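What follows is one structure encoded as structure tokens, with my remarks underneath.
The values are calculated or read from the model by the stated rules, or taken from the named source; none is laboratory data. Small disclaimer: the values here were computed from a predicted structure and weren't measured. Counting neighbours? That spans all protein chains shown, and the Cβs are built from the backbone with ideal geometry, glycine included. All accessible areas refer to the heavy atoms of the entire protein, side chains included, with ligands and DNA or RNA removed. Shrake-Rupley method; radii C 1.70, N 1.55, O 1.52, S 1.80 Å.
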Amino acid sequence: MSFDHPPRKLREAAEALDLLAHASLARVNVGLSPVSLARAWTDWVLNLAVSPGTQARLATEAQTLGLKWMSDSLRAAAPNLLPGVPAADGPDTDGSHNVALSKDPRFDDPAWGCWPWSAMASGNQAWDRWWQSAAELRGMEPHAREQVRFFSRQWLDMVSPGNCLLSNPQALRKAADTRGQSLVTGMGHAVDAWRQRHGLAPLQPGSEALAPGQGLAMTPGQVVLRNHLIELIQYQPVTPQVFAEPVLIVPSCIMKFYILDLSQHNSMVRWLVAQGHTVYIVSWRNPGEQDARLSLDDYVRMGVLDALDHVRSTTQQPVHLAGYCLGGTFAAIAAAALASPEASVSLPPPLASLTLMAAETDFSEPGEMGALIDTAQVEMLEAMMAEQGFLSGRQMAGSFQFLHSRELVWSQRTRSVLLGEPPYSSDLIVWNADVTRLPAVMHSQYLRHMYLGNDLAVGRYAFEGQAVSLRDITTPLFVVGTAKDHVSPWRSVFKIHQLVDADVTFVLTNGGHNAGIVSEPGHPGRNYQMKTSAQADRQPTPDEWMATAVHHQGSWWTAWSGWMQGHGSGEMVDARQPPADPALGAAPGRYVLLRHGD
């Protein structure tokens with residue numbers, strides 16, 4: 001009699017029950033793993049328990065901050081309670097208020113300088129300073145330290161006095177001035193936000209609708225290739241001649257492609273076409289439940305290499321391959337696979353250059369994203385994705401909002417609900433709300449191979465069964481980092497210098513992950529640093545690079561266009577007209593219009 005099958009069946013049943021329980025927990029905890037959070041807090045508590053010196057330090061800091069807060073609060077209240085005693089935090093005669101409060105966008109209204117509001121706001125700031133210090137415990141695991149620092153700030157942002165009507169002087173003043181109309185309007189905004197989260201139309205009329213093909217993604221072009229995963233768009237030339245080498249752009253599959261083709265004034269593809277480039281862009285399909293088993297290899301093969309094959313066969317020229325965010329990671333994998341010694345040699349060579357825009361290839365220091373990713377967290381997400389077959393667009397968007405909850409959640413809700421201000425709308429905001437899914441297998445492989453294993457950087461990542469090494473890449477690189485990027489921190493992006501055997505031109509531009517890339521010429525306040533590091537030279541550290549890189553005013557787009565011209569043949573050819581195929585249709589295509597109600 002065999003006893004092998006019952007235990008195996010029991011294990012399978014147990015694992016199925018665990019998956020169901022984990023998926024349920026993920027829904028309740030908005031995708032956060034209680035195991036991961038418990039480990040971080042346990043690490044903090046245990047290290048604090050065995051550190052009497054740190055206990056004394058934190059107690060002293062708490063006492064100092066508390067006494068200062070009490071003293072400032074009493075002085076702020078003095079004009080009302082003790083006539084003749086000057087207020088430290090109250091409004092000055094010129095209408096200004098406490099410097100620390102005025103530098104915080106949440107409390108920059110002069111009303112926050114009056115007692116008792118100033119006491120509430122400064123108390124929130126004092127707690128924030130104390131917790132950032134409290135997270136610096138000797139002996140803590142770095143990941144746990146980042147989690148404690150990150151989640152303590154999230155909690156304090158949530159309980160900020162600005163988020164509550166009764167503790168927000170701006171909201172109370174506006175409610176009084178409008179005789180309550182601002183609160184009625186704000187409640188309407190809250191109802192509409194709830195309806196939109198559940199796939200319902202808003203009740204209140206909005207501003208003129210922006211959508212792909214309706215004010216957005218309006219650059220003329222044609223879809224020239226469609227497979228299960230992508231549409232490839234070729235744009236209509238506007239110059240009689242174009243540079244011989246075409247440009248192929250691979251955006252992130254986390255986003256719709258028209259982040260690079262927003263309005264006419266800030267469309268990257270429209271601007272590149274006007275400079276004489278033949279521009280192609282990948283438009284990713286928004287996957288459904290049936291696509292759960294699409295893999296990371298599928299995204300590189302069908303999304304990058306199939307598109308690249310089409311562009312090369314059509315133009316018979318090497319291609320300037322550019323990738324943005326996760327699309328840049330895909331492009332780097334594809335470039336490494338093409339450069340591998342095992343790859344078949346082709347003439348002309350497939351790539352004229354490789355551009356990576358806010359794209360990580362080394363994930364050892366992923367910044368704030370790292371606080372949300374560890375083994376327990378990934379397993380929680382895998383359980384949730386196993387149940388539904390994908391990570392929904394709203395779940396993905398929620399993760400990015402979590403990184404900037406102060407600006408993207410609480411401040412916006414305060415303006416919309418408490419102040420009754422109409423939700424601010426722009427092309428970038430409309431694009432940001434147009435969310436996409438990620439298939440279960442691909443997303444799991446991405447998190448495990450990149451964030452947990454850092455396989456691509458260390459040469460362990462296998463594409464279609466064959467290990468690829470970034471060291472095989474000898475194609476010149478143009479790499480863009482953005483100074484305020486919390487998704488792909490520029491110092492992490494900078495690590496590409498140590499990974500490839502090629503010249504690297506690195507650009508650090510002001511702005512964040514999106515605004516730093518969508519940085520059109522003529523936009524006020526744009527600036528960047530730029531420097532090329534030759535392959536034969538010692539590769540600089542980020543600080544060394546910053547100290548020596550030349551500062552430039554304006555958009556980095558002009559530098560990029562000139563750089564591509566300098567890394568091409570210099571030959572001009574007759575403008576290439578995209579073929580019009582009724583079965584494929586015109587830009588922006590069909591895939592960009594596919595939305596799911598989740």
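So that you can scan it fast, the table gives a plain yes or no per residue for (1) under 24 Å from the mean Cα position of the chain (by Cα); (2) closer than 24 Å to residue 515 by Cα; (3) surrounded by fewer than 20 Cβ atoms within 10 Å (Cβ to Cβ); (4) free of Cβ contacts under 8 Å to residues at least 60 places away in the same chain:
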| position | (1), (2), (3), (4) |
| --- | --- |
| 226 | no, no, yes, no |
| 237 | no, no, no, no |
| 242 | no, no, no, no |
| 260 | yes, yes, no, no |
Selection within the stretch 282-317 - touching a helix residue (DSSP H, G or I) at 6+ places or on another chain (Cβ under 8 Å), open to solvent by 10 Å² or more (accessible area, probe 1.4 Å) and part of a loop (DSSP other than H, G, I, E, B): 285, 292, 293, 294, 295
Close pairs from the stretch 285-299: first under 15 Å from residue 388 (Cα atoms) and among the aliphatic types (A, V, I, L, M), partner open to solvent by less than 20 Å² (accessible area, probe 1.4 Å) and in a loop (DSSP other than H, G, I, E, B), Cβ under 8 Å, at least 6 apart: 292/389; 294/229; 294/287
So which residues in the stretch 367-399 are hydroxyl-bearing (Ser, Thr, Tyr) and either open to solvent by less than 60 Å² (accessible area, probe 1.4 Å) or free of Cβ contacts under 8 Å to residues at least 60 places away in the same chain (or both), if there are any at all? 392, 399
Give just the number: which of (1) in contact with a strand residue (DSSP E or B) (Cβ under 8 Å, 6 or more places away or on another chain); (2) closer than 15 Å to residue 360 by Cα does residue 503 not satisfy? (2)
Residue under evaluation residue 484, criteria (1) at pLDDT 95 or above; (2) under 24 Å from residue 261 (Cα atoms); (3) surrounded by fewer than 18 Cβ atoms within 10 Å (Cβ to Cβ), criterion not met: (1)
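Has the stretch 261-272 got at least one residue that is part of a helix (DSSP H, G or I) and closer than 14 Å to residue 589 by Cβ?
The first filter runs over the stretch 261-272 and keeps only residues part of a helix (DSSP H, G or I), leaving 264-266, 268-272.
Checking the rest, the ones that are also closer than 14 Å to residue 589 by Cβ come to 269.
Yes: the stretch 261-272 contains one or more residues that are part of a helix (DSSP H, G or I) and closer than 14 Å to residue 589 by Cβ.
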Looking only at the stretch 526-576, and only at residues there that are among the hydrophobic types (A, V, I, L, M, F, W, C) and closer than 16 Å to residue 352 by Cβ, the one that is surrounded by the most Cβ atoms within 10 Å (Cβ to Cβ): 560
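Residues are listed down the side, and each one gets a yes or a no for (1) surrounded by fewer than 19 Cβ atoms within 10 Å (Cβ to Cβ); (2) not in a helix (DSSP H, G or I):
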| position | (1), (2) |
| --- | --- |
| 329 | no, no |
| 333 | no, no |
| 338 | no, no |
| 359 | no, yes |
| 362 | no, yes |
| 365 | yes, yes |
Are any of the residues in the stretch 400-421 surrounded by fewer than 18 Cβ atoms within 10 Å (Cβ to Cβ), more than 21 Å from residue 159 (Cα to Cα) and more than 15 Å from the chain's Cα centre (by Cα)? yes
List the number of the failed condition for residue 155; all other conditions in (1) in contact (Cβ under 8 Å) with a residue 40 or more places away in the chain; (2) closer than 30 Å to residue 43 by Cα hold. (1)
Regarding the stretch 451-463, can at least one residue be identified that is over 15 Å from residue 362 (Cα atoms) and touching a residue at least 12 places away in the same chain (Cβ under 8 Å)? yes
Can you name the helices (runs of 4 or more DSSP H) wholly within the stretch 111-226 that have at least 3 residues being among the aromatic types (Phe, Trp, Tyr) and within 25 Å of residue 71 (Cβ to Cβ)? 117-134
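It is to be established whether one or more residues within the stretch 114-122 are in contact (Cβ under 8 Å) with a residue 40 or more places away in the chain and within 27 Å of the chain's Cα centre (by Cα).
No, that holds for no residue.
Touching a strand residue (DSSP E or B) at 6+ places or on another chain (Cβ under 6 Å) and open to solvent by less than 60 Å² (accessible area, probe 1.4 Å): does that describe residue 509? Reasoning before the result, please.
On the way: touching a strand residue (DSSP E or B) at 6+ places or on another chain (Cβ under 6 Å): yes; open to solvent by less than 60 Å² (accessible area, probe 1.4 Å): yes.
Here the answer is yes, as residue 509 does meet what is asked.
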Please count how many residues of the stretch 100-113 are open to solvent by 20 Å² or more (accessible area, probe 1.4 Å), within 28 Å of the chain's Cα centre (by Cα) and in contact (Cβ under 8 Å) with a residue 40 or more places away in the chain. 2
Determine whether residue 20 is touching a residue at least 12 places away in the same chain (Cβ under 8 Å), assigned to a helix (DSSP H, G or I), open to solvent by 50 Å² or more (accessible area, probe 1.4 Å) and touching a Ser or Thr at 6+ places or on another chain (Cβ under 9 Å). no
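Might you check whether a residue that is over 16 Å from residue 359 (Cβ atoms), crowded, with 16+ Cβ neighbours inside 10 Å and of a type in the set (Ser, Thr, Tyr) occurs anywhere in the stretch 490-501?
First, the residues of the stretch 490-501 that are over 16 Å from residue 359 (Cβ atoms): 501.
If we keep only those that are crowded, with 16+ Cβ neighbours inside 10 Å as well, we get none.
No, the conditions are met nowhere in the stretch 490-501.
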Which of the residues spanning the stretch 410-429 are touching a residue at least 24 places away in the same chain (Cβ under 8 Å), part of a helix (DSSP H, G or I) and under 22 Å from residue 173 (Cα atoms)? 410, 411, 413, 414, 416, 417, 418
Within the stretch 165-193, can you find the residues that are touching a residue at least 40 places away in the same chain (Cβ under 8 Å), among the hydrophobic types (A, V, I, L, M, F, W, C) and open to solvent by 20 Å² or more (accessible area, probe 1.4 Å)? 165, 183, 184, 187, 190, 193
Residue list for the stretch 449-464, restricted to those being part of a loop (DSSP other than H, G, I, E, B) and in contact with an Asp or Glu (Cβ under 9 Å, 6 or more places away or on another chain): 454, 461, 464
